[in-house]
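Report on one structure; see the data block that follows.
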Amino acid sequence: MIGRIAVVTDSASYLPDHVRRRFGVHVVPLTVTVDGREYREGVDLDADLFYPMLQRATAVTTSQPSPGIMLEAYRAAAAEGATSIVSMHIGAALSGTLQSARLAASMSPIPVTVIDSGQASFAEGLVVWEVIDALAQGVDADRAPDIARQASARVGNTFVVKALDLMRRGGRLEQGARADAVPVLAYSDGAVRVSGNADTVARAVTLMAETIREASAAARYGLRVGIGHGAAEPIARELRRHVCVMPGVDEVIDYIVGPSIGAHTGAGNAGAVFIERIPHEV
């Protein structure tokens with residue numbers, strides 16, 4: 001908790017453990033169904049178990065937490081002494097999680113401010129983290145939606161995926177990926193777009209690093225950068241090597257792309273999300 005304010009998010013945010021522990025963040029799991037069997041992300045199923053299962057699976061789907069599960073988190077926060085809740089979640093364009101949160105908020109024993117991060121994966125986590133930092137600095141909770149909206153607009157991303165067919169079937173990949181190339185992708189405005197094509201994975205890493213370098217050069221303040229992967233650790237490690245020596249990068253966090261996002265990108269995904277950390281006036 002931050003004072004008497006509880007923070008709730010969902011498992012797709014991949015918020016670092018040290019942030020969750022320090023601020024007592026309640027994480028509500030998304031459901032991943034593999035060949036008819038349901039798993040709760042981060043509870044019954046993690047990335048280490050999921051990606052090998054994905055290679056053998058014939059059907060994999062994801063679904064939002066039920067309003068009842070969300071309400072359990074709100075009641076738990078109230079029982080811990082919270083007097084209000086800020087509940088931040090994966091973008092409404094990508095999941096029905098926000099709808100569950102709003103339904104649960106109407107039944108919560110304490111007031112809940114429900115916020116659409118407009119993002120997914122650790123990009124969502126960066127938005128949540130920005131709001132947490134602001135609240136910890138003493139910013140009033142009423143400003144949380146504006147801070148989240150501004151943070152979401154500042155988030156950038158760049159990534160590669162091996163299983164492009166999964167993204168196409170999900171309707172989230174625009175045209176532009178060459179069949180003979182490694183496409184470098186970016187998510188914005190509810191769609192995945194091709195930002196460049198590389199002849200090799202090494203060149204794709206260079207293109208991703210250039211995107212981050214351009215963002216750091218344009219920023220007035222330092223960048224917080226997350227380097228993540230799903231069953232593609234060598235690519236993430238090489239990208240991290242580039243990013244760690246960049247001027248203007250204040251912090252680099254490693255994260256794993258878990259089942260709820262990996263179900264849509266497939267194994268072999270890697271990339272980065274980043275945000276300029278603008279100070280907040282209290």
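The values are calculated or read from the model by the stated rules, or taken from the named source; none is laboratory data. Note that the structure is a prediction, hence the values are computed from the model and not measured. Neighbour counts run over all protein chains shown; Cβ positions are idealised from the backbone, glycine included. Remember, those area values only see protein heavy atoms, side chains included, never the ligands or the DNA or RNA. Shrake-Rupley method; radii C 1.70, N 1.55, O 1.52, S 1.80 Å.
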**Prompt:** Along the stretch 39-56, what does the Karplus equation 6.51 cos²θ - 1.76 cosθ + 1.60 (θ = phi - 60°) give for ³J(HN,Hα), rounded to whole Hz, x for Gly and Pro?
**Reply:** 10, 9, 4, x, 10, 9, 8, 10, 5, 4, 7, 5, 5, x, 5, 4, 4, 9
**Message:** With every protein chain left in place and a probe of 1.4 Å, what is the accessible surface of residue 108, to the nearest 10 Å²?
**Reply:** 20 Å²
**Prompt:** To the nearest 0.05, how large is the calculated FRET efficiency for residue 18 and residue 244 if R₀ is 30 Å and r is the Cβ-Cβ distance?
**Reply:** 0.95
**Which labelled figure in [x] 19.8; [y] 19.1; [z] 18.5 is Kirkwood radius over Cα pairs in Å, once derived from the coordinates** = [y]
**Complete:** Under a 1.4 Å probe, counting only protein heavy atoms, residue 38 has an accessible area in Å², nearest 10, of 130 Å²
**Contour excess over end-to-end distance, with Cα ends at residue 221 and residue 251 and 0.36 nm allotted per residue** = 9.6 nm
**Fill in**
Extend 7 Å from the Cα of residue 4 along its Cα-to-C-beta direction; within the stretch 96-136, residues with backbone N under 13 Å of that point are 110-111
**Added length on full extension, which subtracts the Cα-Cα distance from 0.36 nm per residue, residue 191 to residue 46** = 49.6 nm
**Asked** Under a point-charge model restricted to the Cβ atoms of Lys and Arg (+1) and Asp and Glu (-1), what is the dipole moment magnitude of the stretch 51-154 relative to its Cα centre, in debye to the nearest 20?
**Response** 340 debye
